[in-house]
Amino acid sequence: MDATSSWSVWGLEASIAVQNPALIAEAERLVRGVVAQVDDACSRFRPDSELMRLQPELAAGVDVSPLLAALVQSALEAALWTDGDVDPTLGKDLVALGYDRDIARVRLDPAGAITTVSLPQRRTPGWRLVDLKGQTLTVPRNLQLDLGATAKAVAADRAASLVFDELGCGILVSLGGDIATAGPAPEGGWQVLVQDLPTDPWQQVTLGAGQAMATSSTQKRRWKHDSHDMHHILDPRCGLPAEPVWCSVTVAAPSCLLANAYSTAGIVRGFAAVSWFEHEGITARLMDQQGRTVATGGWPRENDVMMGADLHG
């Protein structure tokens, strides 16, 4: 029987499941270690994180740690895969919209930011202006990196791989809905409940060994700013929250980074995401404002809802 453990991280729920109950404590220690390392490297909410400490020097180019370089490289890959729908240079936009602290603190003090929401204006894609050569990182002075989404996915991928490499047991790591697995799956596969909010339609799917999943949502990280409703997924073309065509987008893929990139881009792309996913063969479930779901690629269709359908990312 699988053993599980859960705790809070980044204002979200973290959880793990391992096949060998005797290894649960050591597996949690390893996962917590990876999460802490990623937080130390790139947290936007900590002035002592490596990224924030180096921010004043980035315009001139600066050598960064191997971990931060890998996190930036992953974010740039996500931007490339999604044609810029996932852009890691939106840090200043998020600050301007009031998301300058942990989301719990933003909700307590929504008037913390002093800027106002402006009308959308098309901009040059910031990610194309970021230069990473080896471990030397250069970011234009007018841009600030926000690696939050992709870094969480990379943390899940790295943590799952580390546990399997160190302990030799199959593991599922979930960091706020970003799920990665490594090693052998339990008999019948990893059972995953796909449901963003408790009132949303739910679906149980079976995730195979080595597969990953990510859900991006416009429903959870929300706040008020300048009397406007905000959510944390921005449209890079204008620096404002993407139109919430979809309440949530869930993607299954061989890595959590890949799944997260496409789930986030699905929110940004709106209605056009469906045809794009179909063309690219993306295995996804998109839920609209009325609770209706659309499946693409190999995602189980409606007749598989509540049945534990097989899912091969």
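Please treat every number below as a calculation from the coordinates, not as lab data. No experiment lies behind these values; they were computed from the predicted model shown. We place every Cβ from the backbone using ideal geometry, glycine too, and count neighbours over all the protein chains shown.
Given the C-alpha centroids of segment 1-54 and segment 237-265, what is the distance between them in whole angstrom?
22 Å
Cut-off is 10 Å between beta-carbons; in what order do V194, V294 appear when sorted fewest neighbours first?
Taking fewest neighbouring Cβ atoms as first place, the list is V294, V194.
In what sequence do F45, F164, F271 fall when counting other Cβ within 10 Å, fewest first?
By the 10 Å Cβ count, ascending: F271, F45, F164.
Only counting other Cβ atoms within 10 Å, I'd like M287, M213, M52 sorted with the fewest neighbours first.
M52, M287, M213
With θ set to phi - 60°, apply the Karplus curve 6.51 cos²θ - 1.76 cosθ + 1.60 along segment 15-21 and write out the HN-Hα couplings as whole Hz, x wherever there is a Gly or Pro.
8, 9, 9, 10, 6, 9, x
For segment 179-190, take each phi angle, set θ = phi - 60°, evaluate the Karplus expression 6.51 cos²θ - 1.76 cosθ + 1.60, and give the result in whole Hz per residue in order, putting x for glycine and proline.
Once rounded to whole Hz, the list reads 10, 10, 10, 8, x, x, 8, x, 4, x, x, 6.
Would you tally the net charge around P21, using a Cβ to Cβ cut-off of less than 14 Å, leaving P21 out, and scoring K and R as +1, D and E as -1?
-3
For the residue pair T136 and E187, what label-to-label distance in nm results when each label sits 7 Å from Cα along the Cα-to-beta-carbon direction?
Once both label points are built, they end up 5.7 nm from each other.
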